[in-house]
Each structure stands twice: as structure tokens, then as C-alpha cells.
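Notes to accompany the following structure.
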Amino acid sequence: MRVGWRVKPWRRWAIASILLLFLGSVLAIATPALPPPQAHPLPPTLAQWRDRSGDYFEEIESTPLGYLVWSTLPITVYIEVPKDPSDRAQTWQKAVERAVMDWNPYLPLNPVDSPENADIRIWSRRPPLRLSSTGEILRARTAETRYEFYTRSPATPMHRCDIYLSPHQSAIYTLATARHELGHALGIWGHSPSPEDVMYFSQVQDPVEISPRDINTLKRIYEQPTRLGWEQR
Ligand SMILES: [Zn+2]
């Protein structure tokens, strides 16, 4: 005996559509809608910035919630105080503080003493190891920036960043790397193809200062729409 669906094809489609609509509305109730992407007002430091030397905005990635734009200023930064009192630890701390000061004219950064509520946290340690899809340990790096999302009460999607920076490097290397990783944490989620920019993808012999192209790129990022920092309706 042949068991078949005795509903006519068009009716099958109608039933399937009604079921999908029903499921869709149940899901919509279960997960509140994210705020629509909108651009935040430009931070005054970037609004007044004018330069015509171009940018590398096309290299910048967005995230599932939009561009990594900080909308509450100043941005709070925690720098881990190395527990080890050696010269090397002091050198690390000074180089990282200098890198924070270097970005400060473009986006206001405020040092804080506790990591709990800091927007950006800079840790004096190697990045946590990562495993490949086949379970092998990937080559350890000396620096890395990671971001994560959270919800600020009552319902605002936010992000925070962790920068891991090895304490076992020279002062010059630490300064150059801290500047580069801070660029990522401030929203430049991508790399410049030019070695004259801080956000060049590879390490260079003579580290460079933050370039006008770095700031042009940062300004374009801050002009983009994002869901971050907007309250859910
Ligand atoms: Zn990088």
C-alpha cells in the first residue's frame, strides 16, 4: 500500500508557509530584535581631523554587530601592572603607556585601575594558545587583540577588547606592537598594505609613528553604521 500525502501540492505549500510564519513569530518573540545599524556622532577629535593622503578602509572588516566603534567617550583602558619588578617589566609598562598616549589625540583614552569595567584591557602576557581544527597547537604569537560582545543593561549591545602583549620583548618592539594592537582595539579591524602605517600587516625594522592614513581610516570607520552602543527598542 502506498502511503502518500493526500494534500494537493499548492495546499502543502500553504501549510508549510503558515508553519514557517508561525515559527518565525515565535522566534521573534524569543529573541528581541537588535537595534538597527546607525552611525554615532563623530568624536570631536576625529570630526576636526582633515587630511587628503588617502586611507585603507577597504581592508577593514566589519563584525556581526557592525564596525567596532566606541560610542561612549573617553574609552577606558586598563594596563596590567607587571608583578615582576624587573627592568624588563618596567620597560614593558612604559612602552605600553606611551602607545596609549600616542593614540590619545585622536580618540580620548582614560586609564583606569581595575580591569572589571575597562573597555580595553592590556595584559602583560603571551596570547592564549589556539588549537587548529585538527587539534594541533598553532604557532604562539607575541601579541594579539580579541574582542567580545556583551549587553549593557537594559539592552544595549556593547564590546570590549583584550590585548595580550608578551613582556619578553625589547622596548622598541613593545612600543610598536602596543601601538598596532591598540589600533585594532580602537576599531581598525584590518591591516594596511603600506609599511608606512602603524597598521601594516607585518613587523617592520624601524617602527613608524601613527600615520595620517591610519587616522583617515579610523575616521571612516567611525562614520560607519553599527549596532554597537545603540539601545534595543
Ligand atoms: Zn594586526
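The values are calculated or read from the model by the stated rules, or taken from the named source; none is laboratory data. Predicted model only: the values in this text are computed from it and were never measured. Please note: Cβ atoms are built from the backbone with ideal geometry, for glycine as well, and neighbour counts cover all protein chains shown. We work out accessible area using only protein heavy atoms, side chains counted, and drop any ligands, DNA or RNA first. Shrake-Rupley method; radii C 1.70, N 1.55, O 1.52, S 1.80 Å.
In the context of the full set of protein chains, residues of the chain present 61 Å² of accessible surface per residue (probe radius 1.4 Å, heavy atoms only). As a fraction of the 1.4 Å probe accessible area of region 44-222, surface on carbon and sulfur atoms comes out at 50 percent. For Ser211, the residues whose modelled amide H falls within less than 5 Å of its own, excluding neighbours fewer than 5 places apart on the same chain, are Val198. Using C-alpha pairs under 8 Å with a sequence gap of at least 6, the mean separation divided by the residue count of region 80-233 gives a relative contact order of 22 percent.
Under a no-solvent Debye model with one identical scatterer per Cα of the chain, what's log10 I(q)/I(0) at q = 0.17 Å⁻¹? These q points yield log10 I(q)/I(0) values of -1.28.
The listed peptides 202-209, 175-182, 37-44, ordered by packing as a protection proxy, come out as 175-182, 37-44, 202-209 (highest mean of other Cβ atoms within 10 Å first).
Under a 5 Å amide H cut-off, with hydrogens placed 1.01 Å from N, Ser192 pairs with Met199, Tyr200, Phe201 among residues at least 5 apart or on other chains. If you take all other residues with their beta carbon under 11 Å from the beta carbon of Val112, and give Lys and Arg +1 and Asp and Glu -1, the sum is -2.
Label separation (Arg88 vs Ser133): 3.7 nm, computed from points 7 Å beyond Cα along the C-beta direction. Near the amide H of Val112, within less than 5 Å, lie the amide hydrogens of Val77, Tyr78, Ile79, all on another chain or at least 5 residues away, with H placed in the peptide plane. Taking Cβ atoms as reference points and 15 Å as the exclusive limit, the residues near Ser132 contribute a net charge of +2, counting Lys and Arg as +1 and Asp and Glu as -1. Per-residue 3J(HN,Hα) values for region 190-204, derived from phi via the Karplus relation 6.51 cos²θ - 1.76 cosθ + 1.60 with θ = phi - 60°, read x, 10, 8, x, 10, x, 7, 9, 4, 8, 4, 6, 10, 6, 10 Hz in sequence order (x marks Gly and Pro). Of the beta bridges in the chain, as assigned by DSSP with both residues counted there, near 55 percent are antiparallel.
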